[in-house]
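Nothing in this text is a laboratory measurement; each read-out follows from the coordinates by a stated rule. Just so we're clear, the structure is a prediction, and the values are computed from it rather than from any experiment. Counting neighbours? That spans all protein chains shown, and the Cβs are built from the backbone with ideal geometry, glycine included.
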Amino acid sequence: QVRLVESGGGLVQPGGSLRRSCAASGSFTSLNAMVWHRQAPGKQRELVAEMVSGVTATYSDSVKGRFTISRDSAKNMAYLQMNSLKPEDTAVYYCRLLTPVADYWGQGTQVTVSS
């Protein structure tokens with residue numbers, strides 16, 4: 001059974017930075033994508049960043065140039081570095097591990113950007 005455990009959320013002032021972490025435990029294929037999503041109050045869940053097989057990274061237009069997704073495959077860790085945070089980045093952030101046969105989600109963690 002694969003489990004994703006997230007950490008690194010919290011409260012930050014506009015313009016500040018946070019790093020989200022996602023630890024994956026269990027057995028899964030290396031052919032996978034790690035994805036970060038977020039959901040703000042009253043809005044649909046949106047894809048923020050995605051990294052396929054630890055190589056190719058894509059970002060939503062709203063975070064491009066400010067957020068960076070990375071992975072440490074040896075430690076089964078994924079990260080989302082969030083810089084220049086804005087109040088509109090306030091949301092619950094989720095990590096997600098996609099394989100050809102399975103779809104796993106972390107528990108979600110609140111990120112609040114406010115002065």
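A few comments on the model shown:
- Charged side chains reduced to their Cβ positions (Lys and Arg at +1, Asp and Glu at -1) give the chain a dipole of some 120 debye around its Cα centre.
- Highest average packing first - 43-53, 90-100, 1-11, Cβ atoms within 10 Å: 90-100, 43-53, 1-11
- Computed 3J(HN,Hα) for the range 21-29, one whole-Hz value per residue from the Karplus formula 6.51 cos²θ - 1.76 cosθ + 1.60 where θ = phi - 60°, is 10, 9, 9, 9, 10, x, 10, 7, 5, glycine and proline marked x.
- Residues of type lysines that Lys43 reaches as a straight line, Cα spacing below 21 Å, ignoring anything fewer than 8 places off in the same chain: Lys64, Lys86
- Of all DSSP-defined beta bridges confined to the chain, some 95% are antiparallel rather than parallel.
- Neighbourhood charge, 15 Å Cβ-Cβ cut-off, centred on Thr90 and excluding it, Lys, Arg +1 and Asp, Glu -1: +3
- Cβ-derived FRET efficiency at R0 25 Å, Glu46 paired with Val5, nearest 0.05: 0.70
- Theoretical gain in end-to-end length, Ser115 to Val101 [0.36 nm per residue, Cα-Cα removed]: 0.8 nm
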